[in-house]
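Here is the structure we will look at, set down as structure tokens.
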Amino acid sequence: MPLLRIDGHTLRIEELWRAVTEPDWRAELTEQARARMERSRTWVERWLQSGEKVYGVTTGFGELASVEISPSEAAQLQHRLIRSHSVGAGEWLPEEVVRAMLLLRAHVLARGFSGVRPIVAEMLLELFNRRLIPAIPRQGSVGASGDLVQLAHLALALVGEGFFRTEHGLEPAEHVLRRHGLSPLRLEAKEGLSLINGTQMALAYGALAVYRARQYALAADIAAALTADVLRARPVAYDERLHRLRPFPGQLQTAARLRALRAGSTLADLPPPHGLPQDAYSLRCIPQIHGASHDAISYVWKVLEIELNAVTDNPIIDPDTGEHLEGGNFHGQPLAVALDFLAIACAELASVSERRIDRLLNPRSSGLPAFLARKPGLQSGLMIAQYTAASIVSENKLLCHPASVDSIPTSAGQEDHNSMASLAAQKAWQVVGNLQTVIALELLCAAQALEFLRPARSSPALERVVLCIRHHVPPLEDDRPLLKDLQRLRTVLDSNALLQAAFSVADASELLSSHPLLPQ
């Protein structure tokens with residue numbers, strides 16, 4: 001059974017993805033993390049005994065930080081905090097996002113800078129290991145004092161006062177915990193605050209989204225290579241000499257993949273579909289357009305991996321000196337900016353893919369039957385595939401309005417700049433899913449276009465790609481509903497089967513070494 005060891009320091013995006021999406025994974029706190037947590041906890045106990053004024057421990061919260069709390073009321077304060085902050089709205093968060101939140105919050109606490117008992121992190125991991133999903137509404141976070149609302153709903157289930165989503169529907173948390181042999185967590189001083197101060201909803205969305213974005217961006221290169229091949233795009237546009245004169249990493253890598261994927265194709269021997277000396281931008285500029293998105297995804301990946309192992313609590317406790325450091329590590333601005341960037345990068349991949357779909361379906365640019373129908377006129381063929389792609393691309397434009405430039409003050413003006421990182425994360429999640437659909441549509445159209453060029457053959461790598469597509473979707477001989485075809489190809493993109501098909505034949509060493517995010 002795969003085991004994820006939660007130590008607060010070494011979590012990677014790939015590990016998080018696998019633990020959340022693959023069956024049978026378990027997570028446990030390391031002994032070193034437990035010792036660090038116990039060491040910082042001793043300082044909280046000392047503050048309670050001495051009556052030292054510490055935000056959120058012996059004072060109220062936000063604008064109420066001037067109100068002193070007695071040691072006898074410290075635990076009650078934490079429970080009241082969780083109840084009062086559970087004001088979410090909207091639909092429930094996706095299961096995989098909630099499971100990621102459980103791991104990520106436990107991971108932050110495991111750093112030992114929060115002053116909570118190890119049992120708090122262990123309870124989060126128990127929920128993960130037992131696949132218990134707290135019911136957490138999507139709306140309510142402004143992304144500054146962390147994702148307060150969503151983490152409060154998570155903590156509310158932890159203490160037995162919220163709800164879980166189970167196979168029976170929505171069930172009271174206390175009943176579900178008891179059924180699994182668990183007792184509701186009784187919070188002590190500082191622990192409620194440490195459960196909700198953090199960016200774990202935005203980070204969960206973002207980490208899972210950037211992992212998918214990496215997959216789909218590579219799939220976009222494969223789809224683009226297949227389209228370029230069936231439209232007989234001129235290979236000179238991908239010449240290494242040209243791209244070394246503008247050496248952006250993503251551009252160089254994309255051009256290398258296009259050369260490797262098209263190597264050995266006989267389609268270039270066929271007459272071009274037009275007599276122009278240069279191809280359209282959506283074909284000629286694939287390295288430049290896709291490359292910019294690859295570079296952006298790489299940047300976002302690095303930002304999220306920093307946040308993955310960061311301490312986002314407040315106040316933070318120095319376990320060596322006992323100092324309490326009141327600051328703003330919970331502020332989501334680094335995530336907000338990066339996730340706005342991720343949405344833009346993925347929207348551009350979808351936008352240029354839609355333009356290639358149009359060229360495949362338009363007989364004036366493809367030299368093939370209109371809409372790739374066997375009997376154009378009597379049949380509509382793949383006409384509406386482009387409509388769907390166009391609709392999605394237009395939706396992406398709305399979703400790419402940056403959330404990170406917005407701010408609404410909260411807490412009577414004490415919290416006067418908020419990041420809206422949660423909105424940036426959720427928009428990025430949607431755009432990444434939309435990219436998956438548009439790439440699936442391009443693959444559907446490009447594979448159908450190749451049917452009209454037989455017996456000519458594409459490259460060995462791209463023929464394997466087409467074989468993978470045909471394993472799930474037959475050629476279009478007559479009009480049929482394409483919803484299931486599209487769903488199957490979306491599933492193929494999630495399974496990595498397309499990448500494996502392409503890289504098993506193409507020059508794998510060049511492809512892998514040219515993309516730092518691919519598993520080696």
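Rundown of residues vs (1) open to solvent by 10 Å² or more (accessible area, probe 1.4 Å); (2) over 25 Å from the mean Cα position of the chain (by Cα); (3) of a type outside the set (A, V, I, L, M, F, W, C), yes/no style:
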position: Leu11; (1), (2), (3): no, no, no
position: Arg18; (1), (2), (3): yes, no, yes
position: Glu22; (1), (2), (3): yes, no, yes
position: Met37; (1), (2), (3): no, yes, no
position: Val44; (1), (2), (3): no, yes, no
position: Gly56; (1), (2), (3): no, yes, yes
position: Ile69; (1), (2), (3): yes, yes, no
position: Gln78; (1), (2), (3): no, yes, yes
position: Ala89; (1), (2), (3): yes, no, no
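If a residue has to be surrounded by fewer than 24 Cβ atoms within 10 Å (Cβ to Cβ) and either under 30 Å from His471 (Cβ atoms) or not hydroxyl-bearing (Ser, Thr, Tyr) (or both) to count, how many in the range 404-422 make the cut? Step through it out loud before you land on a result.
Start the filter on the range 404-422 by keeping residues that are surrounded by fewer than 24 Cβ atoms within 10 Å (Cβ to Cβ), which leaves 404-418.
If we keep only those that are either under 30 Å from His471 (Cβ atoms) or not hydroxyl-bearing (Ser, Thr, Tyr) (or both) too, we end up with 405-406, 408-409, 412-418.
Number of matching residues: 11.
The combined condition, being touching a helix residue (DSSP H, G or I) at 6+ places or on another chain (Cβ under 8 Å), open to solvent by 20 Å² or more (accessible area, probe 1.4 Å), without any contact (Cβ under 8 Å) to a residue 40 or more places away in the chain and over 30 Å from Val300 (Cβ atoms), is fulfilled by Pro376. Pairs are defined by a Cβ separation below 6 Å, a sequence spacing of at least 6 or placement on different chains, a first member in the range 459-485 that is farther than 20 Å from Leu499 by Cα, and a second member that is buried (at least 20 other Cβ atoms within 10 Å of the Cβ); the pairs so defined are Leu476/Gln448.
Look at (1) aliphatic (A, V, I, L, M); (2) out of contact with any strand residue (DSSP E or B) (no Cβ under 8 Å at 6 or more places or on another chain); (3) open to solvent by 60 Å² or more (accessible area, probe 1.4 Å) and you find that Leu325 fails only one, number (2).
Yes or no, residue by residue, for (1) part of a helix (DSSP H, G or I); (2) farther than 20 Å from Ala389 by Cα; (3) touching a residue at least 60 places away in the same chain (Cβ under 8 Å):
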position	(1), (2), (3)
Leu208	yes, yes, yes
Leu218	yes, no, yes
Ala233	no, yes, no
Arg241	yes, yes, no
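Taken over the range 5-53, residues that are touching a Leu at 6+ places or on another chain (Cβ under 9 Å) and either under 30 Å from Ile69 (Cα atoms) or of a type in the set (A, V, I, L, M, F, W, C) (or both) amount to 12.
Name every residue in the range 135-150 that is in contact with a Leu (Cβ under 6 Å, 6 or more places away or on another chain) and either surrounded by 24 or more Cβ atoms within 10 Å (Cβ to Cβ) or among the polar types (S, T, N, Q) (or both), in order of residue number. Once the filter is applied, which keeps residues that are in contact with a Leu (Cβ under 6 Å, 6 or more places away or on another chain) and either surrounded by 24 or more Cβ atoms within 10 Å (Cβ to Cβ) or among the polar types (S, T, N, Q) (or both), the range 135-150 yields only Ile136. A single member of Val236, Val210, Val230 is of a type in the set (Val, Ile, Thr) and surrounded by fewer than 24 Cβ atoms within 10 Å (Cβ to Cβ), and it is Val236. Scanning the range 382-403 for residues that are open to solvent by less than 40 Å² (accessible area, probe 1.4 Å), closer than 26 Å to Val97 by Cα and not β-branched (Val, Ile, Thr) yields Asn396, Leu399, Cys400, Ala403. What are the residues in the range 162-174 that are touching a strand residue (DSSP E or B) at 6+ places or on another chain (Cβ under 9 Å) and exposed (fewer than 14 other Cβ atoms within 10 Å of the Cβ), if any? The one that is touching a strand residue (DSSP E or B) at 6+ places or on another chain (Cβ under 9 Å) and exposed (fewer than 14 other Cβ atoms within 10 Å of the Cβ): Leu170. Looking across the range 333-369 at every residue that is farther than 25 Å from Tyr299 by Cβ and among the hydrophobic types (A, V, I, L, M, F, W, C), the one that is surrounded by the fewest Cβ atoms within 10 Å (Cβ to Cβ) is identified as Leu368.
Looking only at the range 264-277, residues that are over 37 Å from the mean Cα position of the chain (by Cα) and open to solvent by 50 Å² or more (accessible area, probe 1.4 Å) come to 9 in all.
Screening the candidates Asp320, Asp295 for the property of being open to solvent by 40 Å² or more (accessible area, probe 1.4 Å), within 20 Å of Phe248 (Cβ to Cβ) and either of a type in the set (Asp, Glu) or out of contact with any helix residue (DSSP H, G or I) (no Cβ under 9 Å at 6 or more places or on another chain) (or both) yields one hit, Asp295.
Considering each of Leu127, Leu154 in turn, give the residue that is assigned to a helix (DSSP H, G or I) and without any contact (Cβ under 8 Å) to a residue 40 or more places away in the chain. Working first, answer last.
On the way: Leu154 fails: without any contact (Cβ under 8 Å) to a residue 40 or more places away in the chain.
It is Leu127.
Residues in the range 285-335 that are in contact with a Ser or Thr (Cβ under 7 Å, 6 or more places away or on another chain), not in a loop (DSSP other than H, G, I, E, B) and not hydrophobic (A, V, I, L, M, F, W, C) were compared, and the one that is farthest from Val54 (Cα to Cα) is Pro287.
The values are calculated or read from the model by the stated rules, or taken from the named source; none is laboratory data. Here the structure is a predicted model, which means the values were calculated and not measured. All Cβ positions, even for glycine, are placed from backbone atoms using ideal geometry, and neighbour counts span all protein chains on display. SASA here: full protein model, heavy atoms, side chains in, ligands and nucleic acids out. Shrake-Rupley method; radii C 1.70, N 1.55, O 1.52, S 1.80 Å.
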